[in-house]
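Following: one structure in structure tokens, then a few remarks.
The values are calculated or read from the model by the stated rules, or taken from the named source; none is laboratory data. Please read all numbers here as calculations on a predicted model, not as lab measurements. Reconstructed Cβ throughout: ideal geometry from the backbone, glycine too, with neighbour counts over all protein chains shown.
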Amino acid sequence: MTRRVVLIGHPVAHSLSGAMQQAAFDELGIDARYELQDRTPQQLADAIAELRGDEFLGANVTIPHKEKTVPLVDRLTEEAHATGAVNTITREGKRLIGHNTDVAGFRVALDRLVGRQKMPRTAVVLGAGGGGRAVVYGLISEGFQRVVVFNRHLHRAEALVRHFVRSAAHMELRAMPWHESIIEVELAKAKVLINATSIGLHGEERPFPAEILPPELLVLDLIYNPPKTLLLRDAEAAGDTAINGDVMLLHQGAAAFTLWTGKPAPLELMQAKLEEGRAGGIESKNGTTSGDDAASQEEGTPAGATTAE
Ligand code: NDP
């Protein structure tokens, strides 16, 4: 029986995960098919319940469902529990296990960003969704001493801080209102800036004016497609070190692959498939290959829009 792995999100049409996961299954001779499932928040519970069927190896969960998936599975791993967000599901018989491989992916990306420098201790995080939770948990467990979270809707950042109140007991974790002047003050005190919002995903938008970026900041944008958001270009122009979400995407995907199959992921192949998928166009739902803009218009999403992981 060909086993199924689905990516549940809304939208999902432009995900690069299908290309890298399918190639990995094929390379290792695993009879499995990776499918994209666009499911609205109203359809999420049914989509998760369906995963209990024997034909499923598991699933990925993406924007905007990672937090809402938590109560829909039977058990959470430590990282899914700690973050309150699930991006990967495996099965144990009929039971569904919720994992969070974004945390592992983020740790690799952070190491890559920091390079040979000493691990910094202060960060500003933009965004308090599923991705933001993985980032904040990663920073706490990495030993950061001060992390400030800005979110468009402040209450969500406050809920995030409350969620981490125990694990962050030894350090300063704060939610602050999204005001340019406050962000500017906090950026001046921080060594690391992480964008975990969707700003820049759907086109040329920036979270704040370029002028407030100080030099010598380490900047990670979780967005990987487009590969260089305005924020990343602004950061480079300001003399900062800037990387996108590629490394995180690859490593969260590799960790998920190992959870589903019990085998090490073919990292180089997955990386090559990600690059190919981005450069050459991606499989659309009807099985044809099309460029980003054509595909996004086909699916009724804005040109250049793409899927978060
Ligand atoms: P969620 O839907 O859970 O959260 C979205 C976040 O973006 C919220 O903080 C939301 O703020 C914010 N946001 C959305 N639109 C705007 C806007 N116009 N102005 C200000 N804030 C906005 O998504 P995820 O956390 O799962 O994903 C967030 C981003 O991280 C995506 O761009 C995704 O591509 C990226 N990501 C990348 C990964 C990788 O492997 N590279 C892994 C995980 C995520 P509010 O709460 O106020 O709505």
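Overview of values
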quantity	calculated
Hey, T88 in contact with a helix residue (DSSP H, G or I) (Cβ under 6 Å, 6 or more places away or on another chain), buried (at least 20 other Cβ atoms within 10 Å of the Cβ) and polar (S, T, N, Q) or not	yes
Residue within segment 29-37 that is touching a Gly at 6+ places or on another chain (Cβ under 8 Å) and at pLDDT below 95 present	no
Residues of segment 155-199 classified as touching a Lys or Arg at 6+ places or on another chain (Cβ under 9 Å) and among the basic types (K, R), total	3
Residue among A59, A24, A32 that is out of contact with any Asp or Glu (no Cβ under 8 Å at 6 or more places or on another chain) and closer than 14 Å to I89 by Cβ	A59
Filter result for P209 (over 15 Å from V124 (Cα atoms) and modelled with pLDDT of 95 or more)	yes
Residue list for segment 249-274, restricted to those being in a helix (DSSP H, G or I), of a type in the set (D, E, K, R) and either surrounded by fewer than 21 Cβ atoms within 10 Å (Cβ to Cβ) or modelled with pLDDT under 95 (or both)	E268
Breaking point among (1) free of Cβ contacts under 8 Å to residues at least 40 places away in the same chain; (2) at negative phi, for L187	(1)
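This table checks each residue for (1) crowded, with 18+ Cβ neighbours inside 10 Å; (2) at pLDDT below 95; (3) among the β-branched types (V, I, T).
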site: D102; (1), (2), (3): yes, no, no
site: G105; (1), (2), (3): yes, no, no
site: V108; (1), (2), (3): no, no, yes
site: P120; (1), (2), (3): yes, no, no
site: G127; (1), (2), (3): yes, no, no
site: G130; (1), (2), (3): yes, yes, no
site: V135; (1), (2), (3): yes, no, yes
site: L139; (1), (2), (3): yes, no, no
site: F144; (1), (2), (3): yes, no, no
